[in-house]
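The values are calculated or read from the model by the stated rules, or taken from the named source; none is laboratory data. Remember, predicted model here, so these are calculated numbers, not experimental data. Positions of Cβ are backbone-derived with ideal geometry, glycine not excepted, and every protein chain shown enters the neighbour counts.
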Amino acid sequence: MKTTNALWLQCGACGGCSMSLLGYESTQLHDALQSAGINFLWHPVLSELSGQAMVDVLKDILKGTIKLDLLIVEGTPLLGPNGTGRFQMLSGSDKPMSQWLIELANLTKYCVAVGSCAAYGGIPIAGDDRLEGTGLQYHTNQLGGLLGANYTSSSGYPVINIPGCAPHPDWIVETLSCLAMDDMRPTDFDPEGRPLAYFGHLAHHGCPRNEYYEFKASAAQDSDQGCLMENKGCKGTQALGDCNIRSWNGSGSCLQGSYSCIACTMPGFEDTDAPFLETAKIAGIPVGLPSDMPKAWFVALAALSKSATPVRVRENAHNATIVHQPTRKKAPQ
Ligand code: SF4
Ligand code: SF4
């Protein structure tokens, strides 16, 4: 099997994407990487090399003595102050991380942004963005970013984005494995660079609160079992990701843990119209309506659904536990 050399660099980040990677559990992480032929030249958590030895690896890549197949970036490239990038120097070198990234991105076969920070800017660019952060090829939903709108790696691909805060480890390992096998095509990605295998779904799909959503039976307080969209800020109907279809850490997901979806896979999720766990509304109607649904339809459907809500669903929605069991149908005589 051919060997695929991968280099994982961290920019302005919490390290959560690396932590998520370490939580990969479909098989052992090392076995999964090995079976795809992926050899990490360096990873901030998995590698022993540090200091000058690590910088020497990057220099050898730039000199062409080590080939680079996968450049993987976690965290937000920071360009401050005043576009110099000197807020974020690579330790042991006199060069800003942003400059290293530009030079390495021009050599690599594939360039992968892991997490919403590297993909679109993420949490570090929220608010007044004094660090001058940006995504690798997007600034929120605008093409551009550090590498520019026209960037392609040596294989002809733009930056491959695996957003999420943090992304599911399967999304990372499977995408890297497919790239190592040159088994992805341009049609496998959506217009914002996300693999469709994971981001052709909505976070809403598979949410255990779907029945409450159907009848617009909404949670009023945090412990309620109802749908979290109307009052508790849930954006699962607008967020791309199969988050509720595959389990995280063995079981569960944001929604299964009773936490509203904050649309962490979407560009610009960091700047919201209301605190994450509150629903922004105008004239009592949520600002963020479900994808694919015109506002008038939503309002009409919501009114109809509420008028037809079964007592069981309505009362369970406003309780922390099931207070009404489903009606038992009599067996046919
Ligand atoms: S809580 Fe969110 S994801 Fe779950 S059904 Fe309601 S809108 Fe959909
Ligand atoms: S459910 Fe929403 S907040 Fe949670 S990981 Fe998916 S997109 Fe992000």
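If I filter segment 184-199 for residues that are surrounded by 19 or more Cβ atoms within 10 Å (Cβ to Cβ), among the hydroxyl-bearing types (S, T, Y) and free of Cβ contacts under 8 Å to residues at least 40 places away in the same chain, do I get at least one hit?
So far as segment 184-199 goes, no, none of its residues is surrounded by 19 or more Cβ atoms within 10 Å (Cβ to Cβ), among the hydroxyl-bearing types (S, T, Y) and free of Cβ contacts under 8 Å to residues at least 40 places away in the same chain.
Out of A166, A220, which single residue is out of contact with any Lys or Arg (no Cβ under 7 Å at 6 or more places or on another chain), away from ligand 1 (no atom under 16 Å from the Cβ) and either assigned by TED's automatic domain parsing to the domain that holds V299 or assigned to a loop (DSSP other than H, G, I, E, B) (or both)? Show your work before the answer.
Working: A220 fails: away from ligand 1 (no atom under 16 Å from the Cβ).
From the options A166, A220, the qualifying one is A166.
Can you tell me which condition D242 does not meet? The list is (1) out of contact with any His (no Cβ under 6 Å at 6 or more places or on another chain); (2) more than 9 Å from ligand 1 (Cβ to nearest atom); (3) modelled with pLDDT of 95 or more, and all the others hold.
Answer for D242: the failing condition is (1).
Scan segment 175-188 and give yes if some residue there is within 12 Å of ligand 2 (Cβ to nearest atom), assigned to a helix (DSSP H, G or I) and not charged (D, E, K, R), otherwise no.
Filtering segment 175-188 down to residues within 12 Å of ligand 2 (Cβ to nearest atom) leaves none.
No: segment 175-188 contains no residue that is within 12 Å of ligand 2 (Cβ to nearest atom), assigned to a helix (DSSP H, G or I) and not charged (D, E, K, R).
Kindly indicate the residue of segment 22-74 that is within 21 Å of the chain's Cα centre (by Cα) and acidic (D, E) and also farthest from W171 (Cα to Cα) among those meeting that condition.
Restricting to residues being within 21 Å of the chain's Cα centre (by Cα) and acidic (D, E), the top hit is E74.
Please specify each residue of segment 260-294 satisfying the condition of being aromatic (F, W, Y) and modelled with pLDDT of 95 or more.
F269
Can you run down the residue pairs with Cβ atoms below 8 Å, 6 or more apart or on separate chains, where the first is in segment 283-306 and among the polar types (S, T, N, Q) and the partner is outside any loop (DSSP other than H, G, I, E, B) and surrounded by 12 or more Cβ atoms within 10 Å (Cβ to Cβ)?
Taking only residues 6 or more apart or on different chains, the pairs are S291/L202; S305/E214.
Take the residues in segment 273-314 that are surrounded by 15 or more Cβ atoms within 10 Å (Cβ to Cβ) and of a type in the set (D, E, K, R), then tell me which one is farthest from L202 (Cα to Cα).
R312
Quick check on segment 245-272: of everything there that is under 17 Å from the mean Cα position of the chain (by Cα) and hydroxyl-bearing (S, T, Y), which residue is surrounded by the fewest Cβ atoms within 10 Å (Cβ to Cβ)? Break it down into steps so the answer makes sense when it comes.
Looking only at segment 245-272, we keep the residues that are under 17 Å from the mean Cα position of the chain (by Cα), and these are 245-249, 252-255, 259-272.
Subset that is hydroxyl-bearing (S, T, Y): 247, 253, 259-260, 265, 272.
On the way: S247: 14, S253: 23, Y259: 17, S260: 22, T265: 28, T272: 17.
Restricting to residues being under 17 Å from the mean Cα position of the chain (by Cα) and hydroxyl-bearing (S, T, Y), the top hit is S247.
Give T265, T175 a once-over and let me know the one that is touching a strand residue (DSSP E or B) at 6+ places or on another chain (Cβ under 6 Å) and away from ligand 1 (no atom under 16 Å from the Cβ). Can you show your working first?
Values: T265 fails: away from ligand 1 (no atom under 16 Å from the Cβ).
Exactly one of T265, T175 is touching a strand residue (DSSP E or B) at 6+ places or on another chain (Cβ under 6 Å) and away from ligand 1 (no atom under 16 Å from the Cβ), namely T175.
Within segment 199-217, track down each residue that is within 16 Å of ligand 1 (Cβ to nearest atom) and within 24 Å of the chain's Cα centre (by Cα). First the steps, then the outcome.
If we filter segment 199-217 for residues that are within 16 Å of ligand 1 (Cβ to nearest atom), which is where we start, we get 199, 201-217.
Selection gives F199, H201, L202, A203, H204, H205, G206, C207, P208, R209, N210, Y213.
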